[in-house]
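Heads up, the thing below is written out as structure tokens.
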Amino acid sequence: MARAVFLDRDGVINSVIWRGGKPGSPRSLTELHIDSGASAPLERLRDAGLRLFVITNQPDVARGLLSPQTLEQMNQQVVAQLPIEGVVVCPHDDGDECRCRKPRPGMLKTLAAGEHIELGHSFVIGDTWRDVQAAHAAGCLAIMLDRDYNRRDEADYRVGNLAEAAQLIIRKCQL
């Protein structure tokens with residue numbers, strides 16, 4: 001069984017888009033800005049033997065604000081620019097009560113079963129309470145990237161950026 005790092009997308013590997021004073025997801029390819037510093041720490045994690053996946057809630061699809069085709073193009077850009085094996089998306093809104101929408105662990109459990117990943121030895125890097133709760137529900141350690149909008153959210157670990165998260169994960173894997 002393999003170890004993995006599951007990364008949220010918006011606010012972790014790409015910039016959030018501020019709308020009405022709240023952080024949100026890009027809705028067009030021109031709004032998708034992948035963090036220029038994301039590749040190096042992800043390569044370190046991959047080189048340390050960890051598998052890398054993106055798990056992302058994208059309720060703007062259900063809300064009719066983001067087309068499935070544009071979302072797929074965004075996912076293709078993420079995979080083309082970063083050492084990510086794949087992207088799993090929940091396109092539902094809270095009212096849909098699906099099993100895949102974080103904070104539920106459906107995306108994590110589906111990936112673990114299909115990719116032979118040991119969730120108890122894996123990590124989730126996120127920027128919201130939804131990521132943390134999904135991690136805990138799946139048995140993963142939760143690492144929160146410190147952002148202005150998540151200061152009250154709890155996690156197993158809180159770090160400033162992906163480079164610090166990668167250092168922490170590699171250190172934990174060596175114990």
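Could you say whether any residue in the range 23-43 is modelled with pLDDT of 95 or more and touching a His at 6+ places or on another chain (Cβ under 7 Å)?
no
Among the residues of the range 12-37, which ones are open to solvent by less than 70 Å² (accessible area, probe 1.4 Å), outside any loop (DSSP other than H, G, I, E, B) and more than 21 Å from Pro68 (Cα to Cα)?
Within the range 12-37, none qualify.
Could you identify the single residue in Ala155, Ala137, Ala112, Ala142 that is in a helix (DSSP H, G or I), open to solvent by less than 40 Å² (accessible area, probe 1.4 Å) and either touching a helix residue (DSSP H, G or I) at 6+ places or on another chain (Cβ under 7 Å) or not acidic (Asp, Glu) (or both)? Walk me through it before giving the result.
Working: Ala155 fails: in a helix (DSSP H, G or I); Ala137 fails: open to solvent by less than 40 Å² (accessible area, probe 1.4 Å); Ala142 fails: in a helix (DSSP H, G or I).
None of the other options fit; the residue is Ala112.
Keeping to the range 127-161, report how many residues are more than 17 Å from Asn57 (Cα to Cα), of a type in the set (Val, Ile, Thr) and touching a residue at least 24 places away in the same chain (Cβ under 8 Å).
Summing the residues that are more than 17 Å from Asn57 (Cα to Cα), of a type in the set (Val, Ile, Thr) and touching a residue at least 24 places away in the same chain (Cβ under 8 Å) in the range 127-161 gives 1.
Residue by residue, here is whether (1) of a type in the set (A, V, I, L, M, F, W, C); (2) touching a residue at least 40 places away in the same chain (Cβ under 8 Å); (3) within 23 Å of Cys140 (Cβ to Cβ); (4) in contact with a Lys or Arg (Cβ under 7 Å, 6 or more places away or on another chain) holds:
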| residue | (1), (2), (3), (4) |
| --- | --- |
| Gly20 | no, no, no, no |
| Pro26 | no, yes, no, no |
| Ala38 | yes, yes, yes, no |
| Leu42 | yes, yes, yes, no |
| Leu45 | yes, yes, yes, no |
| Val61 | yes, no, no, no |
| Ser67 | no, no, no, no |
| Thr70 | no, yes, no, no |
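Restricting the search to the range 38-49, which residues are more than 20 Å from Asp148 (Cβ to Cβ) and open to solvent by less than 10 Å² (accessible area, probe 1.4 Å)? Give the steps one after another, and end with the answer.
Step one: filter the range 38-49 for residues more than 20 Å from Asp148 (Cβ to Cβ), giving 39-49.
Selection gives Pro41, Leu42, Leu45.
Got at least one residue in the range 51-68 being in contact with a strand residue (DSSP E or B) (Cβ under 8 Å, 6 or more places away or on another chain), open to solvent by 70 Å² or more (accessible area, probe 1.4 Å) and farther than 24 Å from Glu154 by Cβ?
no
I need the full set of residues from the range 55-71 which are of a type in the set (A, V, I, L, M) and in a helix (DSSP H, G or I), in order please.
Within the range 55-71, Leu71 is the sole residue that qualifies.
So Pro103 passes all but one of these: (1) in a loop (DSSP other than H, G, I, E, B); (2) crowded, with 16+ Cβ neighbours inside 10 Å. Which condition number does it fail?
Every listed condition holds for Pro103 apart from (2).
I'd like the full set of residues that are open to solvent by less than 10 Å² (accessible area, probe 1.4 Å) and assigned to a helix (DSSP H, G or I), limited to the range 72-96.
Correct list: Met74, Val78.
Give the number of residues within the range 115-134 that are open to solvent by 40 Å² or more (accessible area, probe 1.4 Å) and either at pLDDT below 95 or part of a helix (DSSP H, G or I) (or both).
Result for the range 115-134: 6.
The values are calculated or read from the model by the stated rules, or taken from the named source; none is laboratory data. Keep in mind the model is a prediction, meaning the values are calculated, not measured. All Cβ positions, even for glycine, are placed from backbone atoms using ideal geometry, and neighbour counts span all protein chains on display. In case anyone asks, the SASA skips ligands and DNA or RNA and just uses the protein heavy atoms, side chains included. Shrake-Rupley method; radii C 1.70, N 1.55, O 1.52, S 1.80 Å.
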